[in-house]
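*Asks:* Here's a structure for you.
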Amino acid sequence: MKFGIVVFPGSNCDHDAYHVAKHVLGQQAVFLWHKERDLKGAEVVVLPGGFSYGDYLRCGAIARFSPVMEEVACFAKRGGKVLGICNGFQILTEAGLLPGALLQNASRKFVCKEVGIRVENAQTAFTRACSKGEVLRVPIAHAEGNYFIDDEGLTRLEGEGRVVFRYVENPNGAKASIAGILNEGGNVLGMMPHPERSAEALLGSEDGRKVFASLLA
């Protein structure tokens, strides 16, 4: 499988995602510069963590206008798989590819630590290597990870099984402790925790590898 990792000015987890795809999983991987309009045959597009465009205006607010995002939107509309991690999740909500918004953490502080996230739906392209109810240990590192959606939207997400990950202990005030959600088509996942930072035993946990491995199933 070929992974395409988008690089925005300010991305800082792009090489981490590339490493997991290419060196941990042994798959093809290419970088996609934000000004490009060619996804280079990628079968999975990853929007990595970081501070795209310095997080000016709002996190992801400028990145959503990058030329590459037009192609990502078309790719997603055709059913292509898209994984947005941390800043990538923020970009997906700004681009309208996922509902809701990521707000400032309830503590008003940057939070960086390992957390437990429970797999709420193990029947997705991103969680097939997991079991429902399984708790994954993965790190978070964000100041705006507080997921918000109105009550009607939340009811819809819950009812359609689109809440994929939920924090065991809510670290940022996210509504319903949501850590990751799917789009209606089930091919776009946004999550605040960093699975690419917990994909090898050397890093203290291999749990995040399951998210990437699921895409290969």
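*Asks:* Starting from the amide H of Lys2, placed 1.01 Å from N in the peptide plane, find each other amide H under 5 Å away whose residue is 5 or more places distant or on another chain.
*Replies:* Correct list: Glu43, Val44.
*Asks:* Based only on other Cβ atoms within 10 Å, what is the fewest-to-most ordering of Leu47, Leu97, Leu57?
*Replies:* Numbers: Leu47 35, Leu97 22, Leu57 10.
Final ranking by Cβ density, sparse to dense: Leu57, Leu97, Leu47.
*Asks:* Here's another thing I want to ask about it. I need the phi-derived Karplus couplings for the range 106-123: 6.51 cos²θ - 1.76 cosθ + 1.60, θ = phi - 60°, integer Hz, Gly and Pro marked x.
*Replies:* 4, 6, 6, 10, 6, 10, 9, 6, 7, 10, x, 10, 8, 7, 8, 9, 9, 10
*Asks:* Okay, moving on. Calculate the dipole size of the chain relative to its Cα centre from +1 charges on Lys and Arg beta carbons and -1 charges on Asp and Glu beta carbons; express the result in debye to the nearest 20.
*Replies:* Details: 24 positive and 24 negative charges, 41 e Å.
That gives a dipole near 200 debye.
*Asks:* How many percent of all Cα-Cα pairs in the range 2-214 sit more than 24 Å apart?
*Replies:* Details: 7523 of 22578 pairs.
I get 33 percent for the Cα pairs in the range 2-214 exceeding 24 Å.
*Asks:* Please arrange His34, His23, His142 by counting, for each residue, the other beta carbons lying within 10 Å of its beta carbon, fewest first.
*Replies:* Details: His34 18, His23 12, His142 23.
Least to most surrounded, the residues fall as His23, His34, His142.
*Asks:* Another question, if that's okay. What distance in nm separates the two pseudo spin-label positions at Arg58 and Lys2, each 7 Å out from Cα along the beta-carbon direction?
*Replies:* Modelled inter-label distance: 3.4 nm.
*Asks:* Putting +1 on Lys and Arg Cβ atoms and -1 on Asp and Glu Cβ atoms, find which of Ala213, Phe89, Gly173 reaches farthest to the positive end of the dipole of the range 2-214.
*Replies:* Comparing the listed Cα positions along the dipole, Ala213 ranks first.
*Asks:* While we're looking at this one, here's another question. Counting only residues 5 or more places away or on other chains, whose amide H sits under 5 Å from the amide H of Asp207 once H atoms are built in the peptide plane?
*Replies:* Arg137
*Asks:* Let me ask another. May I ask for the distance between the Cα centers of the range 1-75 and the range 149-215, given as a whole number of Å?
*Replies:* 18
*Asks:* Based on the Cβ-Cβ distance of Ser131 and Ser107, what FRET efficiency does E = 1/(1 + (r/R0)^6) give at R0 = 35 Å, to the nearest 0.05?
*Replies:* Values: r = 31 Å, r/R0 = 0.89.
It comes to 0.65.
*Asks:* Here's a follow-up. Under 5 Å between amide hydrogens, which residues at least 5 positions from Ser11 or on another chain qualify, with H placed 1.01 Å from N in the peptide plane?
*Replies:* Phe51, Tyr53
*Asks:* Taking K and R as +1 and D and E as -1, what net charge do the other residues with C-beta under 13 Å from the C-beta of Arg37 add up to?
*Replies:* Details: positive: Lys35, Lys40; negative: Glu36, Asp38, Glu70, Glu71.
That sum, taken over residues with Cβ under 13 Å, equals -2.
*Asks:* Moving to a separate point now. Based on DSSP H runs of at least 4 residues, each adding -39500 (n - 2.57), what is the mean residue ellipticity at 222 nm of the chain after dividing by all its residues, to the nearest 500 deg cm²/dmol? The partial results should precede the final answer.
*Replies:* Details: 5 runs with 40 residues, N = 217.
Mean residue ellipticity at 222 nm (helix-derived): -5000 deg cm²/dmol.
*Asks:* Okay, moving on. State the answer as a single residue: which of Ala101, Ser66, Ala76 lies farthest towards the positive end of the charge dipole of the range 59-130, with beta carbon charges of +1 for Lys and Arg and -1 for Asp and Glu, about the Cα centre.
*Replies:* Checked the options; the winner is Ala101.
*Asks:* Pull out the extension gain between His15 and Glu70, defined as 0.36 nm times the separation in residues minus the alpha carbon to alpha carbon distance; nm, one decimal.
*Replies:* Working: separation 55, 0.36 × 55 = 19.80 nm, distance 2.26 nm.
Working it through step by step, the gained length comes to 17.5 nm.
*Asks:* Now, a different point. Could you please rank Tyr56, Tyr167, Tyr147, placing first whichever residue has the fewest other Cβ atoms within 10 Å of its Cβ?
*Replies:* Fewest-to-most Cβ neighbours within 10 Å comes out as Tyr56, Tyr167, Tyr147.
Each value in this text was obtained by applying a stated rule to the coordinates, not by laboratory testing. Since we're looking at a predicted model, the values are computed, not measured. Methodologically, a virtual Cβ is constructed for each residue, glycine included, from the backbone with ideal geometry; neighbour enumeration extends over all protein chains shown.
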